[in-house]
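Read-outs: derived from the displayed coordinates by stated rules, not from any lab. Being a predicted model, the structure only gives us computed values, none of them experimental. Cβ placement follows ideal geometry from the backbone for every residue including glycine, while neighbour counts extend to all protein chains displayed.
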Amino acid sequence: MSFLLAVCFIFGIGPPEAVKACDRPNDAGKCILLSWKLSPDDAGLKSYDIVRTDAFGKDTVVGSVPSGIGSFTDESVRDNVRYTYRVVARQDSLRAESVASGIAVSRAQWFNKARVNVLVALVIFSFLVFYFIRHARAGRKLFIRRIAGLDAVEEAVGRATEMGRPILYVPGLAGISQISTIAALNILSEVAKKTAKYGTDLLVPNRDPIVYTVALEMVKEAYTEVGRPDMFKKENVFFVSDNQFAYAAAVDGMMVREKPATNFFMGMFWAESLILAETGAATGAVQIAGTDSVHQLPFFITACDHTLIGEELYAASAYLSRDPLLLGSLKGQDWGKVVILAVLVAGSILLVLSGIKGLSFLHVIYSFFNIS
Amino acid sequence: MMKQGIPRLLCLVAGIVMIVQFFIPHPISEKIFSESLRWVRIISAFALVLGVRSITVHHGTRIIRKSSGWGYSLVALVAMVVTAVIGLFGGVDPHATALLPTSIGGFSFHLQVLYANLMVPLGATMFSILAFYMASAAYRSFRARNKEATVLLVAAFIVMIGMVPIGSAIWPKLPDIAQWLLNVPSMAAKRGILFGIALGSVATSLKIILGIERGWLGGGK
């Protein structure tokens with residue numbers, strides 16, 4: 001090190017070379033990317049200063065990076081202004097300045113090219129869903145595999161009716177913007193129709209005020225649809241608290257006091273999943289859970305009688321309602337999985353082949369599937 | 001028709017705008033996205049009023065009917081009113097002067113004090129109960145009743161022992177085996193589930209945007 005410093009002091013230091021500046025692609029503008037070839041004396045350097053020159057010739061030091069680094073992102077630029085950059089290698093009082101880069105202009109983009117693969121996947125998947133919906137609308141029969149957890153819904157409602165106890169339905173703890181909450185509310189609608197038919201009480205405690213208002217409307221509508229609006233009890237669908245553990249404590253208390261014959265836990269859950277499911281199991285209730293949270297699934301599988309795993313939660317409303325349009329979309333989902341499997345196999349083969357000399361161009365096709 | 005038509009139209013337009021927005025990095029597109037998030041927050045604030053009304057009606061009915069555990073409902077209502085009054089008239093800054101005094105002598109009942117000394121320990125208590133529930137759930141699931149449960153028991157035992165220092169003391173390769181179990185078979189299963197969830201989410205979104213799935217509108221056709 002000291003030898004390098006001595007050489008630098010006697011002979012001066014070499015400047016960085018090949019400074020390149022360009023607009024960062026696929027962004028909202030106000031950003032220029034810089035790269036350069038390190039100084040030949042990089043090991044003895046302290047840092048590289050980045051000097052920006054604007055259209056009026058004014059120089060500004062916009063940043064500094066330690067030696068060994070050959071890139072910089074300037075996020076202090078204005079859009080549609082022409083800039084050039086120089087990189088100054090520094091070692092105490094010694095300085096070596098690079099040649100100025102070419103002109104770079106930052107611009108906001110109107111299309112994120114890095115997401116073309118997502119767009120292609122969306123188009124293919126949408127096509128599959130629409131194709132099978134059309135297929136179903138034409139009256140063709142679609143085979144849907146049995147889902148034990150959903151087959152048990154009817155039985156669970158019947159059990160509650162026989163025992164003269166209510167049914168507890170927890171529509172998850174997430175807000176309405178979560179797809180799992182919407183899926184849970186769709187299932188609630190089907191469950192409510194069954195409870196209305198059997199004349200069983202349905203308790204729906206909510207953590208989110210918006211989910212509460214939607215749940216209230218759905219249950220009311222379900223009772224009306226089966227011709228039992230008189231059976232609907234407004235006070236049975238209610239908001240509890242938006243605090244996670246306050247909600248869990250309140251629902252636990254309800255399970256212990258009211259002793260529901262059946263508990264449904266559908267939607268998004270966090271740490272309270274096991275608190276709810278274990279309390280329910282201790283009261284002897286039949287429990288049916290469904291969540292798309294992979295971290296909570298083991299808890300539900302352990303403590304509940306039936307668990308809808310991931311996508312089964314989304315399939316539930318179609319499965320229960322047997323609406324051909326909804327069933328068609330399920331078929332589309334299945335074919336979407338076939339496409340994903342094919343892409344996985346093709347991607348693996350391409351990656352292996354791209355390692356062979358002369359076939360490296362295959363890496364370009366492989367990179368298309370990378371999501372950024 | 002109007003009851004469902006307008007919300008469905010709004011849903012269609014908002015859904016398509018949000019899909020298009022995902023592919024446009026321009027500041028205008030970002031502005032639309034951040035503005036829509038603000039709208040969601042504002043709507044949530046309005047919905048909270050409905051939530052408070054629901055709490056009042058629900059617990060009020062229980063108290064009037066003297067349902068089982070009505071005393072808890074009384075505690076819930078009193079706590080809600082007292083906290084709201086302290087928050088509204090006592091302010092949220094303990095050092096600022098407010099309409100309502102929030103301390104008597106050295107005894108403070110300021111909103112922050114209530115939160116730190118009631119809500120936080122109560123939440124922590126509920127969370128800590130999880131440890132006991134985990135033990136009982138683990139006992140139930142790890143009983144070797146059949147082949148699958150035995151595999152689960154063995155895998156769980158290896159992972160648990162491999163993750164603690166005594167694991168490497170017993171056999172130095174045990175932590176590696178535990179990590180392999182988590183990284184390969186467990187991760188493979190998780191990813192399989194995640195693929196299904198991703199496709200399910202997109203399909204459900206499409207159904208909602210296009211009005212095929214109308215349950216969220218309160219059911220009906």
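Key figures
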quantity: Amide H partners (placed H, <5 Å) of A:Asn206, local residues excluded; calculated: A:Phe238, A:Phe239, A:Val240
quantity: Inter-part distance where segment A:113-189 and segment B:1-80 are each reduced to a Cα centre, Å; calculated: 22
quantity: Candidates per trypsin sites (Lys or Arg not before Pro) in segment B:137-197, loop by DSSP, up to 13 other Cβ within 10 Å; calculated: B:Arg143, B:Arg145, B:Lys173
quantity: Reduced Cα scattering model of the protein assembly as shown, Debye log10 I(q)/I(0), q = 0.07, 0.08, 0.11 Å⁻¹; calculated: -0.63, -0.80, -1.19
quantity: Simple spin-label estimate for B:Trp39 and B:Ile166 in nanometres, 7 Å along Cα-Cβ; calculated: 5.8
quantity: Tilt relative to chain A, helix A:2-11 - C-alpha long axis, 0 to 90 degrees, to 10; calculated: 50
quantity: P(r) histogram, all alpha-carbon pairs of segment A:222-372 included - 5 Å bins from 0, percent; calculated: 2, 8, 11, 12, 13, 13, 11, 8, 6, 6, 4, 3, 2, 1, 0, 0
quantity: Helix axis angle, A:311-321 relative to chain A longest principal axis, alpha carbon, degrees; calculated: 40
quantity: Qualifying chymotrypsin sites (Phe, Trp or Tyr not before Pro) for segment A:76-185 [loop in DSSP, other Cβ within 10 Å: at most 14]; calculated: A:Trp110, A:Phe111, A:Phe143
quantity: Other-chain or far-sequence residues with amide H under 5 Å of A:Arg95's (modelled H); calculated: none
quantity: Long-range amide H partners of A:Gln287 with built H, under 5 Å; calculated: A:Asn263, A:Asp305, A:His306
quantity: Using θ = phi - 60° and Karplus 6.51 cos²θ - 1.76 cosθ + 1.60, couplings along segment B:46-55 (whole Hz; Gly, Pro as x); calculated: 5, 5, 4, 4, 5, x, 4, 4, 4, 4
quantity: Nearest-0.05 FRET efficiency for A:Val294 and B:Leu118, computed from C-beta distance (R0 35 Å); calculated: 0.55
quantity: Rg(Cα) / (2.2 N^0.38 Å) computed for segment B:1-59, rounded to two decimals; calculated: 1.54
quantity: Ranked list, fewest to most other Cβ atoms within 10 Å of each Cβ, for A:Cys22, A:Cys31; calculated: A:Cys22, A:Cys31
quantity: Other protein chain Cβ atoms within 10 Å, averaged over every residue that makes up A:104-111; calculated: 3
quantity: Potential extension, A:Asn117-A:Ile340 segment - 0.36 nm per residue separation minus Cα distance; calculated: 79.0 nm
quantity: ³J(HN,Hα), Karplus 6.51/-1.76/1.60, whole Hz, each residue of segment A:14-20, x for Gly, Pro; calculated: x, x, x, 10, 6, 6, 10
quantity: Angle between chain A longest axis and helix A:209-225 axis [Cα atoms, degrees, rounded to 10]; calculated: 40
quantity: Mean residue ellipticity (222 nm) of the protein assembly as shown, computed from DSSP H runs ≥ 4 via -39,500 (n - 2.57), nearest 500; calculated: -18500 deg cm²/dmol
quantity: Likely footprinting exposure, A:Asp41, A:Asp54, fewest C-beta neighbours within 10 Å first; calculated: A:Asp54, A:Asp41
quantity: A:Val81-B:Glu148 pseudo-label distance in nm [points 7 Å out on the Cα-to-Cβ vector]; calculated: 6.4
quantity: Where Rh is the Kirkwood radius over Cα pairs, Rg/Rh for chain B; calculated: 1.09
quantity: Test item: Cα-centred dipole of segment B:1-59, Lys/Arg +1 and Asp/Glu -1 on Cβ, debye; calculated: 200
quantity: Separation in nanometres of the label points that stand 7 Å from Cα toward Cβ, at A:Arg228 and B:Val17; calculated: 4.1
quantity: Inter-centroid distance (Cα atoms) of segment A:52-105 relative to segment B:105-175, Å; calculated: 53
quantity: Estimated vicinal HN-Hα couplings, Hz - segment B:64-80 in sequence order (Karplus 6.51, -1.76, 1.60; Gly, Pro = x); calculated: 4, 7, 6, 5, 4, x, 5, x, 5, 5, 5, 4, 4, 5, 4, 4, 5
